[in-house]
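Colleague: Here's a structure for you.
Laboratory data are not the source of any read-out in this text; all were calculated from the coordinates shown. These numbers come from a predicted model, not from an experiment. Counting neighbours? That spans all protein chains shown, and the Cβs are built from the backbone with ideal geometry, glycine included.
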Amino acid sequence: MGRYPNSGGPIARRVPEGDDRPRLVCDACGFIRYENPKIVAGSVATWEGRILLCRRAIEPQAGFWTLPAGFLELHEDPAHGARREAEEEAGAEIVIDALLAVYTIPRISLVQLFYRAHLAQPEIAPGIESLEVGLFRPDEIPWDSLAFPSVTWALRHNAEAPDGGNFAPFTNPVGDVGDYRPGIPARR
């Protein structure tokens, strides 16, 4: 299993005293390494009623359409992460309007925060992780080519949310845990 770098002691997976689940524990010093969910921040960003989408250049789901989103960096505020991802993936400068949704994908220990946002200007360009980017009217969204269930959820929840940002954040649709099959578009 390895050694803990500070003490050099062996690391074992066991249930620490006072806990109820296995953790990585250093047998020499008792340090517990907690493994926690990853956090993704993204946005449903619009310009004059059109929604920003990116066609993925990377796996998983290369070639499918998604919203600009990605993993938070250490010490990064989620709203800043959503703005950074829009810049990195679509060359877009966005302004955050409200927290739209909090989704969970338990199978991969993932928490996703999606913001409702608008573009500061209409200029966009694909970043290194995008094959192409576009601004889509709601009736132009490539529903049959969306990468992940949470992209579908966020687009639908954005359409349902009232203007003005006065709403509680949405969550996973009842009974849906976000499973998808690689290479297959998300369910509509």
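Colleague: If you take the Cα Rg of the chain and divide it by 2.2 N^0.38 Å, with N the number of residues, what do you get?
Modeller: Dividing the Cα radius of gyration by 2.2 N^0.38 Å gives 1.20.
Colleague: Going out from 0 in 5 Å bins, what whole percent of all Cα-Cα distances in segment 91-188 drops into each bin?
Modeller: Distribution as computed: 2, 11, 19, 22, 24, 15, 6, 1 percent.
Colleague: Kirkwood Rh, Cα Rg: Rg to Rh for segment 1-110? Intermediate results must be reported in sequence, preceding the final value.
Modeller: On the way: Rg = 19.3 Å, Rh = 16.9 Å.
Checking Rg against Rh, the ratio lands at 1.14.
Colleague: Quick check for me: using +1 on Lys/Arg Cβ and -1 on Asp/Glu Cβ, what's the dipole size of the chain about its Cα centre, in debye to the nearest 20?
Modeller: 720 debye
Colleague: Tabulate in residue order the Karplus-calculated ³J(HN,Hα) for segment 11-24, using 6.51 cos²θ - 1.76 cosθ + 1.60 with θ = phi - 60°, rounded to whole Hz; enter x for Gly and Pro.
Modeller: Working through the residues one at a time gives 9, 10, 8, 7, 8, x, 4, x, 10, 10, 8, x, 9, 7 Hz.
Colleague: Does segment 48-148 classify as rounded, prolate or oblate by the C-alpha gyration tensor (a ≥ b ≥ c root eigenvalues; a/c under 1.5 gives rounded; else a/b over b/c gives prolate, otherwise oblate)?
Modeller: Since a/c stays below 1.5, the shape of segment 48-148 is classed as rounded.
Colleague: Of A147, L99, P162, whose Cα points farthest to the positive end of the dipole of the chain (charges on the beta-carbon: +1 Lys, Arg; -1 Asp, Glu; origin at the Cα centre)?
Modeller: A147
Colleague: Tell me the angle of helix 149-160 to the major Cα principal axis of the chain, expressed in degrees between 0 and 90 and rounded to the nearest ten.
Modeller: Tilt relative to the chain: about 50 degrees.
Colleague: Something else now. Taking Cα atoms, how many degrees apart are the long axis of helix 78-90 and the longest axis of the chain, rounded to 10 and kept between 0 and 90?
Modeller: Roughly 60 degrees, rounded to the nearest 10.
Colleague: Looking only at Cα atoms, what is the convex hull volume of segment 1-62 per residue, in Å³? The partial results should precede the final answer.
Modeller: Working: hull volume 11.0 nm³, N = 62.
Taking the convex hull of the Cα positions in segment 1-62, it is 177 Å³ per residue.
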